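The values are calculated or read from the model by the stated rules, or taken from the named source; none is laboratory data. Just so we're clear, the structure is a prediction, and the values are computed from it rather than from any experiment. Counting neighbours? That spans all protein chains shown, and the Cβs are built from the backbone with ideal geometry, glycine included.
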Amino acid sequence: MAITARELGKRLKQAREACGMTQEMVANKLGISRSTLAQMELGNRAVTSLELSKLAYLYGRDIGSFLREGFEEEDVLSVLFRAELDIAEMEETADALRKSLAVGRELRNLESLLELSKEPRVPVYPLAPPKNKWEAISQGEKVALEERRRLGLGDAPIPDVAEVLESQGVATVQLDLPEDVSGLTLRSPDIGIMVVVNSAHHYYRRRFSFAHEYAHVLLDRELVKIVSRSSRREELLEVRANAFAAAFLMPRKG
């Protein structure tokens, strides 16, 4: 059933507010007046297909999400922007994330047209959250060795962790992020799983960050978004991911 102009306007407003954007910010991005956007959100002015496409991109959504019978107010980008304000305020980074999500969405659509599997090939290790630092390290190292065994990697070092992730159906992106952020893991039904690492960091740190985020993919799949920050390195999930990364990149035997 087709939605009304008023319902579409309501959804556009919900999506904008979920991303923490004002009407003035969005209007400037679209090259229209704030009052015009306000009328669109009230359902008093028709929204063209081009405008809807631009708004969907700006809010990090699939254009079809605004036209379906059910509508989710929050999505992966809005959750990220609301929780991590410094990332949302970095205009180039925020736009690069929008582009990455749009590309990820198109890849999933292409997979669907070609009748390829949409599900990532990485397993889920259903471990309970660690209760202390020792348990976090133990879990991380154990899963790293098991994952190396599953992939048939032996004890040799891994030169390209991003390639390993891609081979398992996880999209990888390198973007300029705040210095404190080493990487992100994002998950949504329309893009699957995407790992982003900080392109401003040294090559070896980025290599470690890919392995760190791989741990979150394997162990923390239920979370919509994970932001790995230096300021959070003492949190047990981050300790576990660091232990995994170290053991995955170079096991003790290696």
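A few comments on the model shown:
- Within region 180-218, restricting attention to residues that are of a type in the set (Gly, Ala, Ser), more than 11 Å from the chain's Cα centre (by Cα) and at pLDDT below 95, the residue that is nearest to residue 137 (Cα to Cα) is 182.
- Contacts under 7 angstrom Cβ, first residue in region 155-175 being under 10 Å from residue 122 (Cα atoms) and outside the structural domain of residue 247 (by TED's automatic domain parsing), partner of a type in the set (D, E, K, R) and surrounded by fewer than 12 Cβ atoms within 10 Å (Cβ to Cβ), 6 or more apart: none
- Tally of residues being surrounded by fewer than 19 Cβ atoms within 10 Å (Cβ to Cβ) and either of a type in the set (S, T, N, Q) or assigned to a helix (DSSP H, G or I) (or both) across region 14-28: 8
- Restricting region 132-173 to residues that are within 27 Å of the chain's Cα centre (by Cα), outside any helix (DSSP H, G or I) and over 10 Å from residue 248 (Cα atoms), the residue that is modelled with the lowest pLDDT: 159
- Some residue of region 214-230 being part of a loop (DSSP other than H, G, I, E, B) and in contact (Cβ under 8 Å) with a residue 60 or more places away in the chain: yes
- Of all residues in region 243-254, those that are touching a residue at least 60 places away in the same chain (Cβ under 8 Å) have Cβ atoms under 6 Å from Cβ atoms of residues that are part of a helix (DSSP H, G or I) and charged (D, E, K, R), 6 or more apart or on another chain, in 243/141; 247/141.
- Any chance residue 31 is of a type outside the set (D, E, K, R), within 30 Å of residue 222 (Cβ to Cβ) and out of contact with any Pro (no Cβ under 7 Å at 6 or more places or on another chain): no
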